[in-house]
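Down below is the structure, laid out as structure tokens.
The values are calculated or read from the model by the stated rules, or taken from the named source; none is laboratory data. What you see is a predicted model; the values in this text were computed from it and never measured. Please note: Cβ atoms are built from the backbone with ideal geometry, for glycine as well, and neighbour counts cover all protein chains shown.
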Amino acid sequence: MEYATNNHPFYKLNTQIQTHMKQFIILAIFSIFTTQLFSQTVDTRRKIEVNGSSEMEVTPDIIYLSISLKEYFKDNNSKKKVEINTIETQLYNAVQAAGIPKENLTINNISGYNYQWEKKKNPDFLVAKQYRLKVTNLNSYNKLMDAIDAKAVQYTNVESYDYSKIEPLKKELKIKALKAAKEKADFLAAALNNRVGEPLEIQEINNESYPQPIYRANMMTAKVSDEAFSPEIDFKQIKLNYQMRVVFELVK
């Protein structure tokens, strides 16, 4: 019977395997120890956390209006229907006369997508169309409404409004809020004979407010009369308020 000696191939192979296993175990233990060491590292830097804010109110200069037009019988005579095409042409001409770009007027909806079939079925069927109009001031809108037959107007209302220079203004206010936070941190740190170091965290807090317009007559409902309809609207201003939460390092 033969026994493996130090020079036997099987003995050498077994020794190599044991050596590699020991190296692997040592490496694994070292990795676990290092991971735990880093995970237990505590940030010992002294910090100061402050909020800075900046706000501004602006008057809307972009207004989106909804206009609904409907066919009607002239003098209540069923044989004298004013067709939607005639009313629509009147609207487009009024838009042009008011100096409003034609692309600012779009169709929102048509009551009865197959209204031609409805007309054949029921001669008294009245077609209605809804439009969306973008204006930059209400004077042009009032001028437009003066040129449209009031009997064809079902209703008008304000869908929404905006401010044309809103994006540059947002950027400006955020910068001011950030500077306000830095100024606050500076005088608080100085009161403790410290100074502010580098910012460690910055968080933006958005407080935009777009209030709905207030109507003096609730809805801008058209009067069924020959008089022009010019509603009065009170617009609340758009209030922009930005807050910045900043964490600074506090140093001696």
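Please state which one of Thr34, Thr41 is over 30 Å from Leu133 (Cα atoms), at pLDDT below 60 and hydroxyl-bearing (Ser, Thr, Tyr).
Within the list Thr34, Thr41, the selection yields Thr34.
Could you please find all residues in region 60-94 being assigned to a helix (DSSP H, G or I) and aromatic (Phe, Trp, Tyr)? Even if it seems obvious, please write down each step before you answer.
Start the filter on region 60-94 by keeping residues that are assigned to a helix (DSSP H, G or I), which leaves 74-76, 84-94.
Across region 60-94, the qualifying residue is only Tyr92.
Go through (1) on the phi < 0 side of the Ramachandran plot; (2) at pLDDT below 90 one by one and return the number of the condition Gly112 breaks.
(1)
Do you know which of the residues in region 60-103 that are out of contact with any strand residue (DSSP E or B) (no Cβ under 9 Å at 6 or more places or on another chain), under 18 Å from Asp124 (Cβ atoms) and of a type in the set (D, E, K, R) is surrounded by the most Cβ atoms within 10 Å (Cβ to Cβ)?
Only one residue tops the list, namely Glu83.
In region 135-171, how many are basic (Lys, Arg), within 23 Å of Glu71 (Cα to Cα) and modelled with pLDDT of 85 or more?
1
Is one or more of the residues making up region 79-92 at positive phi, of a type outside the set (A, V, I, L, M) and at pLDDT below 90?
Within region 79-92, not a single residue is at positive phi, of a type outside the set (A, V, I, L, M) and at pLDDT below 90.
List pairs: first in region 143-167 and in contact (Cβ under 8 Å) with a residue 40 or more places away in the chain, second outside any loop (DSSP other than H, G, I, E, B) and of a type in the set (S, T, N, Q), Cβ under 7 Å, 6+ apart or cross-chain?
Ile148/Gln90; Asp149/Gln90; Gln154/Ser68; Tyr155/Ser68; Tyr155/Thr221; Thr156/Ser66; Asn157/Ser66; Glu159/Ser66
Filter region 150-196 down to residues that are of a type outside the set (D, E, K, R), farther than 30 Å from Ala94 by Cβ and assigned to a helix (DSSP H, G or I), then give me how many there are.
14
Can you go through Val50, Val58 and tell me which one is within 30 Å of Ile202 (Cβ to Cβ) and in contact with a Phe, Trp or Tyr (Cβ under 6 Å, 6 or more places away or on another chain)?
Result: Val58 is the single residue among Val50, Val58 that is within 30 Å of Ile202 (Cβ to Cβ) and in contact with a Phe, Trp or Tyr (Cβ under 6 Å, 6 or more places away or on another chain).
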